[in-house]
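We did not get these values from a lab; they are worked out from the coordinates using the rules stated. Because the structure is a prediction, the values reported are computed rather than measured. Note that each Cβ is placed from the backbone with ideal geometry, even for glycine, and that neighbours are counted across all protein chains shown.
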Amino acid sequence: MKVNRVCQSCGAVTPLDTASFRCACGGLYRLSYPKGRIDFAATAVSRDRSLYKYAAALPFDARKKPWSQAAMGEGGTPLLELHKSVYCKADYLMPTLSFKDRGASVLMTAARELGVKEAVADSSGNAGTAIAAYGARAGIACHIFASAATSKKKLEQIEAHGALLHLTEGSREDVARAAIAYVRAHGLFYASHIFNPLFYEGTKTYAYEVFEQLSFRMPDIFLLPAGNGTLVLGVYLALTELKSWGYICELPRIFAVQAEGCAPIARAFERGEAEVREVENTGTAAEGIAIAAPARGAEILKAVRETKGSVLAVTDAEILHARAALGLRGLYVETTSAASYAAYLRMEKDGGAEGRLIVLPLCGAGLKG
Ligand SMILES: *Cc1c(COP(=O)(O)O)cnc(C)c1O
Ligand SMILES: [Zn+2]
């Protein structure tokens, strides 16, 4: 299949390759390829419950099933009712125990098709784990850059998949800089869940599944965590597709959730700005969303504003309370994962959830830390 990358800044169109991860002008890429309309009536009853039942709208030649080497049944996660008209989607029930499986499976499948043998990624933990796991299955040797402060379980998981772990001191941004320097020095493929637009082709399937699970309608509000925004942007992509295919008329609102200790998107949203300025990470227990300078910040703001959504920043106290409350309902999730439920609890208290159909994800498993 002919897959192109389009620079969102200068509009340059280039074929998908492995050499560069952003345009010469500095712009970030989106993908362009002959995308089919999904027949949800058919996918709803498909024997394949994995995200590859949506292959018609993925950048692959569906007849060749190029994902069969890497895939492990990811996707098809349960949607559980938490309260009346409030649902959580248990995306931690995937092979590497976080929602990152969706994007990593698609990205590493495409990398294998492109002939990649060795790849580099940087992560606060879960993306690195997922890239390492799907890389192992796709026969791609992985270098994963992570902060030395990452929870131990996540680091163990990365190493279990045979990836070479490069521990870096300093901030999340220092880790990213180290990874990019390594990519450049060794001429390797950058399997970035942030820069590489293939990752969002995977995360968008979260919204396809919700649409199907709610009997072909969308919630009023998608509550979504936002660090680098890979789930926010995947959901937004799916919403624009569903609209263009005539399945929905209006876009549901996207409410992005950040941690108060590191909330650059919330600050930019409050100030009405179009770009996200770097903030100082003053510390949060939600390590998975503590991104001080999200590369796609402007896109996240646009997705939130176009859907008439909002950005909420929750405190660590609210997150820890939400995590404990989920545990008492049988749902054991990692601390970062509880941020979206914390945001719901705040909305509920403020009356903002009244009468609304809300879906929030549980992104990572509790055993991860
Ligand atoms: C990656 C991750 C997030 C945040 O995702 P972004 O793509 O950075 O917005 C939230 N929760 C968990 C558990 C994660 O692994
Ligand atoms: Zn460009």
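Taking chymotrypsin sites (Phe, Trp or Tyr not before Pro) across segment 89-136, none is in a DSSP loop with at most 14 further Cβ atoms lying within 10 angstrom of its Cβ.
Multiplying the residue separation of residue 302 and residue 114 by 0.36 nm and removing their Cα-Cα distance gives an extension gain of 64.5 nm.
Looking at segment 287-322, the trypsin sites (Lys or Arg not before Pro) that sit in a DSSP loop and have at most 15 other Cβ atoms within 10 Å of their own Cβ are 308.
For a quick check, take a GNM of the chain with Cα springs below 10 Å and name the residue from 30, 253, 63 with the largest mean-square fluctuation. Evaluated over the chain, the most mobile residue of the options is 63. Segment 197-268 and segment 49-112 have Cα centres lying 15 Å from one another.
Here the chain has an Rg and Dmax of 18.9, 54 Å, counting Cα atoms alone.
Using a cutoff of 8 angstrom between alpha carbon atoms and counting only pairs six or more residues apart, the relative contact order for the chain works out to 16 percent. Helical runs assigned H by DSSP (4 residues or longer) give the chain a calculated mean residue ellipticity at 222 nm of -10000 deg cm²/dmol, each run adding -39500 (n - 2.57) before division by the residue total. In a DSSP loop and with at most 11 other Cβ atoms within 10 Å, there are no chymotrypsin sites (Phe, Trp or Tyr not before Pro) in segment 135-197.
Shape summary: segment 186-230 maps onto an equivalent ellipsoid whose semi-axes, from the alpha-carbon gyration tensor, are 29, 12, 5 Å in decreasing order.
Counted over segment 124-243 with a bin width of 5 Å, the fraction of Cα pairs per bin, in whole percents, is 2, 11, 18, 19, 18, 13, 9, 7, 3, 0. Considering segment 1-66 at the alpha-carbon level, its Rg and Dmax are found to be 14.9, 45 Å. Counted without the sites themselves, the longest stretch of the chain free of GluC sites (Glu not before Pro) in a DSSP loop having at most 16 other beta carbon atoms within 10 Å is 1-168. Based on the Kirkwood radius over alpha-carbon pairs, what value in µm²/s does the Stokes-Einstein equation return for the translational diffusion coefficient of segment 100-190 at 37 °C and 0.692 mPa s? Estimated diffusion coefficient is 259 µm²/s.
Only Lys, Arg, Asp and Glu carry charge here, each on its Cβ (+1 for the first two, -1 for the last two); on that basis the chain has a dipole of about 880 debye about its Cα centre. Look at the dipole of the chain built from charges on Cβ: of 148, 229, 42, the Cα furthest out on the positive end belongs to 42. Placing R0 at 30 angstrom, the Cβ-Cβ distance between residue 184 and residue 2 gives a FRET efficiency of 0.60 after rounding to 0.05.
Note on the chain: GNM, Cα springs under 10 Å; of 148, 185, 111, the largest mean-square fluctuation is that of 185. Between 215, 171, 105, the Gaussian network model of the chain with springs among Cα atoms under 10 angstrom shows the greatest mean-square fluctuation at 215. For segment 1-141, the relative contact order works out to 18 percent when only alpha carbon pairs closer than 8 Å and six or more residues apart are counted. The coefficient of translational diffusion for segment 213-299, derived via Stokes-Einstein from the alpha carbon Kirkwood radius under 25 °C and 0.890 mPa s, stands at 176 µm²/s. Quick note on segment 21-105: its Rg to Rh ratio, both from C-alpha atoms and Rh being the Kirkwood radius, is 1.04.
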